[in-house]
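The values are calculated or read from the model by the stated rules, or taken from the named source; none is laboratory data. All values derive from a computational prediction rather than experimental measurement. Don't worry about glycine lacking a Cβ; one is built from the backbone with ideal geometry, like all the others, and counts go over all protein chains shown. What goes into the accessible areas is simple: the full protein's heavy atoms, side chains included, and nothing from ligands, DNA or RNA. Shrake-Rupley method; radii C 1.70, N 1.55, O 1.52, S 1.80 Å.
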Amino acid sequence: MSQSGLRIVMAMMPVVLGLGCLGNIYAASGESNEYLDLDITQLMNIKVTSVAKKEQSLADAAAAVFVITQEDIRRSGVTTIPDALAMAPGLQVAKISASKWSVSSRGFAGYTSNKLLVLIDGRSVYSPAYSGTFWDAQNTLLEDIDRIEVIRGPGGTLWGANAVNGVINIITKKADQTQGGLARLGAGNQEPFMFGSRYGGKISDTAYGRAYLTYNDHGENVLKSSDTDAGDQWQSAQGGFRMDGKPNDGKEWTLQGDLYKNTGDQTFSPFWISQPPFMTTLYDEVNNKGGNLLGRYRQEIDSESAVALKVYYDNNERDDAVFKLAFNTFDIDLQYETKWGQRQNLMMGTGYRVVQGDFDQSFQVSLPDRTDHLYSAFLQDEINLLANTLWLTLGSKYEHNGYTGSEWQPSARLLLKPAEQHSLWTSVARAVRTPSIVERYGRVTMGVFPTAMGIGTVTFTGNPDFESEILYAYEAGYRWQARDNLSFDVAVFYNDYEEIYTAMPQPSPTGYDYVFVNAVSGTGQGIEVAVDWKATSRLSFVLTYSYLELDLTEDASIPREAGSYLLNDSSPRHQGSMRSSLSLAENWQVNLWLRYVDSIQGLNRADQASAGPAEIDAYLITDLNLIWTPRKDLEVMLAGQNLTKGQSFQYISEYSTPATEIERGVYCKLTWRF
Amino acid sequence: MVRAADEDLEQKVKVAFLLNFAKFTAWPEVFWPADRSDFILAIIGDDPFGLALKGVDQKQIYGKSIRLQYAGTPSADLENCQLVFVSKSEKDNLRGILSFTEGKPIVTVSDIEGFAAAGGIFEFKRKDDHLSFIINNSKARQSGIHINSSLLKLAIEVL
C-alpha cells in the first residue's frame, strides 16, 4: 500500500471504531422495508406501476436489455463496475490489467473500444478524447448502485451519438432507499484494502439524503512474458452525496455529486523517446481526479404528462507520462412526455452540451485544446396499435456537433404481447459514432527510428476529414415468462456497418503516418440468450450465452499491416456464463459464477513493427464466495476470484500496456449496516 | 427506460398490506393461547418478497412478534400459522392448499387470480395503478375469523 493509502486508512479508523459502539443497538436495519408502518389507505394510494415511458417494465422494452441488480452485484463478489458488467450477455468484458479493461458490446473490443455509451445517473462518462470510457475513474460505492441496465444495440434515438452498439446505464439508489449507516471493510491478496461507508438520513418531511466515502487499494498482477510484477497496482478514493425530495405528489427532485482521486501504476512498453535507444520501457504513475454535480427536477403536469429537467457539470483530469488532459463538461437536458389521444405516448426532448478539453502536449501524444458545442433534440411516439397487444415506437434524435454537423438517428420498434407471459419485439435503427478528438486532430507516436537526417517517426495521425461511423441495426427478440420462477430472453441482431475507422499508412516527411480513415465496412450478427431460473426458494440460476460473428472488410486501399482485418477476431465468438446462488442454513449462502470466453486474436499496436497478431486462448473464470450473516446487521463474505487457473490472460491491449496475466484473488469482507 | 425496481416496490407494498390484514383480523382465542409468544406468517411456495420482508420480524401483531416460516407445500406445521401467503408458484396446487386450511382459523392471502372465489380469504387485486384486495368474508366467518368492518369497506369486492 502506498503512503497516501495508509494516511487514508488512518483517517478512517475513528469512524470504523465509532461504529463498533453503535453496533449494540439492535435497531432495524437501514435497508428494511420502508412501507411497513403505513396504514392501509396510504398503501392503497401508492402507485405500483406507472404509465410513463421511462418507467417501462423490462418485459415491455422493444430492445435487448439485461438488468444487473444490486443483489446480483452483492452476490457476485465483484469489486469494480466493469467486473460487474461481465454478468450481462452480449458484452465483452476482459481485464487488461488491474486498472484497465476492454468493455464492448457486440464486438469491437479494446482498451480504446469506442461504440458504447456509458451513463451514471444520466451523466455521460465516456471520454470525448477517444470516445471510450476510462473505467478506472468510475468508482461509485457499489452498495449504492440500484441497478445497471445494459442495452445492447443502438440507443441513438433516445441517448444520442456514441450509443452505437450499446448503452450502459448505471443507476444509483434514491436517498430514501439508503437510510441508516453502512460500513464495509475488507482485505485480500489482490484487493489489499477495501473500505466503503455510507450514512443516510432524513433531511425534512419530504427529503432524504446520504453521503458516502470509499477507498480501495487494488493489488498488482504479473507480466505474461516474465512472470514478474506488472506494476499495475492502483488506489481509488471517492466520496459523494445524493439528496432526493418529493415535496408533493407529482414533484420530484435530485441533487447529487461526487469527488474522486485515483492513483495507479502503469507500464508503457515500449515507450518511444526521441533519443537512442528510442524504444524503452517506462514505469509510470497515472493520476486522475475529478468531480461532478448533477441536479434533476421532474414535475407531473397532469396524470398524463410530465416534464423533466436535468443539469450537470463534470470535471475530470488525467495525468500520466504521455498525456495530461482536463475536460470540463456542462450539460442541460429538458424532456417532456405526454399522452396524445387514447393510444399514443409522446416523448420529446432537447439538450445542449459544451465540452471544453485542455491538453498538454508530449512527444508521445499530442491533442489540440478544444471547446465543442453539441445541440440535440429528439421526438419519439409510442403508438398502441392494438389495445394492450401491439405497440409501435417511432422516433429520431437530431444532433448538431462541431465535427460532422447534423446527424439523424431514427429508429422504429415493434412490440407484440399476445399474452401476459410472452413478448416479441423487433426493431430497425440507424446510429452514428461521431469522431473523437484523436481521430480528427490527434497525433500518437507508435515508433521511432534513426535516419541520416536525425530521427524518423511512425505516428497515428488525425484526419480533419474523418467522418462519423454509421450503423444500421436490425434486431428481434422474444421474452417468455414460462413460470413465475423461470424466464427466457433471446435477442438476435444483424448489424450493417459503414465508414468504420482504420488507419491508412502514408509516407510523411519524417517517416510515415497511420492516418485515421473511414474505410472498413461489413456486418455483425449474433444471438444472446439469458435464462433466469429460481429452482427453489433456496437455489437460483442465471445462465447466459452470446454468439457473435463479425464480417468486416477494409477497402482495397488499406494494406494489411493496418491490422483492421483483426477486428473480426478480436472479440470472442462464444461466451457463456452460469451464476448460481444457494442458501444453505438460515444465514449462509454460497454463490458460484462460471464464465467461459472463447479464444480471440489480439494485436499489440505498440509492437506493431515487430509482432503480428497474438492468439489469446479460451479461458474459464471461476468466482466462488461464501456469505455468512451471523446477525441481521452484519455480513461476512469470503470470496475467491479467478480460481480456475492461478492466472488468466484475458486481453492484450492495443495500447502500450504489456501483456498482463490476472492473478487469482481471495479476499474477506465485512459489511455492517446500522 | 427500464425499471426493475417497480417490482420491488410492489412486493414491499404487498408485505405492508399483509401486516395490515393481520392488524384488522381477530382470531378465535381458543386457537391462540395467551402463552403463545409469536405470530407466524408462512409463505407457501417460492418466496416472491425476498428483501421486502426485511424488518417484518421487528414488528408485532397483538403484542406478539412475527416469525416467518417458509414451506414448499402445506404440512402439519401450518396448523400453527395465523397468516399464510400462497405464492403464485402454487397456482396448480391451490385446491390442495385450500382444502388443508378449510375450516381452520388461518387467514390465507394470495395474488393468484380467482383466489378468493376459490375459497381463499384475501386476494390482491390491482385496480388502475394501485393495489387493492377482495375479501371472501363468508369463508372467513366459516373459519371463525372476524375481519374488521373498516377493512371490508375498503375492499373492492366482498364475497
Search result, residues across the stretch A:541-564 that are over 26 Å from the mean Cα position of the chain (by Cα) and open to solvent by 20 Å² or more (accessible area, probe 1.4 Å)
A:T553, A:E554, A:D555, A:A556, A:S557, A:P559, A:R560, A:E561
Quick count over the stretch A:476-493, residues being surrounded by fewer than 22 Cβ atoms within 10 Å (Cβ to Cβ) and under 23 Å from the mean Cα position of the chain (by Cα), is 2
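Among strands (runs of 3 or more DSSP E) lying entirely in the stretch A:102-195, which contain 1 or more residues that are touching a Cys at 6+ places or on another chain (Cβ under 7 Å)? Let's see the steps before the verdict.
Details: elements: A:116-120, A:145-152, A:166-172, A:180-188.
It comes to A:180-188.
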How many residues does the stretch A:626-653 hold that are under 21 Å from A:T80 (Cβ atoms) and of a type in the set (D, E, K, R)?
2
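For every residue, the table says whether it meets (1) in a strand (DSSP E or B); (2) of a type in the set (A, V, I, L, M, F, W, C); (3) touching a strand residue (DSSP E or B) at 6+ places or on another chain (Cβ under 7 Å); (4) touching a residue at least 12 places away in the same chain (Cβ under 8 Å).
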residue	(1), (2), (3), (4)
A:E499	yes, no, yes, yes
A:M504	yes, yes, yes, yes
A:P507	yes, no, no, no
A:Y512	yes, no, yes, yes
A:N518	yes, no, yes, yes
A:S521	yes, no, yes, yes
A:Q525	yes, no, yes, yes
A:A530	yes, yes, yes, yes
A:S540	yes, no, yes, yes
Of all residues in the stretch B:87-120 being within 14 Å of chain A (Cβ to nearest Cβ) and within 16 Å of B:L131 (Cβ to Cβ), which is surrounded by the most Cβ atoms within 10 Å (Cβ to Cβ)?
B:S110
Working carefully through the options A:V167, A:V125, A:V78, A:V93, find the one that is hydrophobic (A, V, I, L, M, F, W, C) and surrounded by 24 or more Cβ atoms within 10 Å (Cβ to Cβ).
A:V167
Here's a check for you: in the stretch B:51-68, which residue that is touching a residue at least 12 places away in the same chain (Cβ under 8 Å) and at the interface with chain A (Cβ under 8 Å from one of its Cβ atoms) is most open to solvent (accessible area, probe 1.4 Å)?
B:L51
With the condition kept exactly as written, say whether any residue in the stretch A:470-480 is modelled with pLDDT under 95 and farther than 23 Å from A:S366 by Cα.
yes
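Give the residue, chosen from A:T329, A:T254, A:T280, A:T263, that is in contact (Cβ under 8 Å) with a residue 40 or more places away in the chain, hydroxyl-bearing (S, T, Y) and farther than 29 Å from A:S396 by Cβ.
On the way: A:T329 fails: farther than 29 Å from A:S396 by Cβ; A:T254 fails: farther than 29 Å from A:S396 by Cβ; A:T280 fails: in contact (Cβ under 8 Å) with a residue 40 or more places away in the chain.
The unique qualifying residue is A:T263.
Is it fair to say A:S411 is among the small types (G, A, S), open to solvent by 10 Å² or more (accessible area, probe 1.4 Å) and outside any loop (DSSP other than H, G, I, E, B)? Spell out how you get there, then give the answer.
Values: among the small types (G, A, S): yes; open to solvent by 10 Å² or more (accessible area, probe 1.4 Å): yes; outside any loop (DSSP other than H, G, I, E, B): yes.
So A:S411 fits the description; yes.
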The stretch A:318-343, subset charged (D, E, K, R) and more than 22 Å from A:G122 (Cβ to Cβ), residue farthest from the chain's Cα centre (by Cα)
A:R343
Residue among A:V365, A:V355, A:V311 that alone is closer than 21 Å to A:I437 by Cβ and in contact with an Asp or Glu (Cβ under 9 Å, 6 or more places away or on another chain):
A:V355
Selection count where residues are assigned to a strand (DSSP E or B), open to solvent by less than 40 Å² (accessible area, probe 1.4 Å) and touching a residue at least 40 places away in the same chain (Cβ under 8 Å), scope the stretch A:566-606:
13
Counted residues in the stretch A:627-672 being crowded, with 21+ Cβ neighbours inside 10 Å and among the basic types (K, R) come to 1
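Please verify whether B:D47 is within 12 Å of chain A (Cβ to nearest Cβ), open to solvent by 10 Å² or more (accessible area, probe 1.4 Å), closer than 23 Å to A:E586 by Cα and under 14 Å from the mean Cα position of the chain (by Cα), treating the condition exactly as stated. Before you say what the answer is, go through the steps one by one.
Values: within 12 Å of chain A (Cβ to nearest Cβ): yes; open to solvent by 10 Å² or more (accessible area, probe 1.4 Å): yes; closer than 23 Å to A:E586 by Cα: yes; under 14 Å from the mean Cα position of the chain (by Cα): yes.
Yes; evaluated as a whole, the condition is true for this residue.
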A:L255 passes all but one of (1) closer than 30 Å to A:S97 by Cβ; (2) open to solvent by 60 Å² or more (accessible area, probe 1.4 Å); (3) within 23 Å of the chain's Cα centre (by Cα); which number fails?
(1)
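Report, by residue number, each residue of the stretch A:234-273 that is assigned to a strand (DSSP E or B) and among the β-branched types (V, I, T).
Residues of the stretch A:234-273 assigned to a strand (DSSP E or B): A:234-245, A:251-272.
Matches in the stretch A:234-273: A:T254, A:T263, A:T267.
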Given the structure, is A:P464 over 31 Å from the mean Cα position of the chain (by Cα), open to solvent by 30 Å² or more (accessible area, probe 1.4 Å) and not β-branched (V, I, T)?
no
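Quick one: in the stretch A:196-231, of everything that is part of a loop (DSSP other than H, G, I, E, B) and among the polar types (S, T, N, Q), which residue is surrounded by the most Cβ atoms within 10 Å (Cβ to Cβ)?
Kept after step one, since they are part of a loop (DSSP other than H, G, I, E, B), are these residues of the stretch A:196-231: A:205-206, A:219-221, A:224-228, A:230-231.
Next, only the ones that are among the polar types (S, T, N, Q) stay: A:206, A:221, A:225-226, A:228.
Working: A:T206: 15, A:N221: 24, A:S225: 11, A:S226: 9, A:T228: 8.
My answer is A:N221.
Within the stretch A:506-522, which residues are among the small types (G, A, S) and closer than 23 Å to A:L471 by Cβ? Full working, then the answer.
So the first thing to find is which residues in the stretch A:506-522 are among the small types (G, A, S), and the list is A:508, A:511, A:519, A:521-522.
Result: A:A519, A:S521, A:G522.
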Of those in the stretch B:69-86 that are polar (S, T, N, Q) and within 14 Å of chain A (Cβ to nearest Cβ), the residue least open to solvent (accessible area, probe 1.4 Å) is B:Q69
How many of the residues making up the stretch A:329-383 are closer than 30 Å to A:T457 by Cβ and of a type in the set (F, W, Y)?
2
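Among the listed residues A:T657, A:T622, identify the single one that is in a strand (DSSP E or B) and of a type in the set (S, T, N, Q). I'd like the intermediate steps shown before the answer.
Working: A:T657 fails: in a strand (DSSP E or B).
None of the others qualify; the one that does is A:T622.
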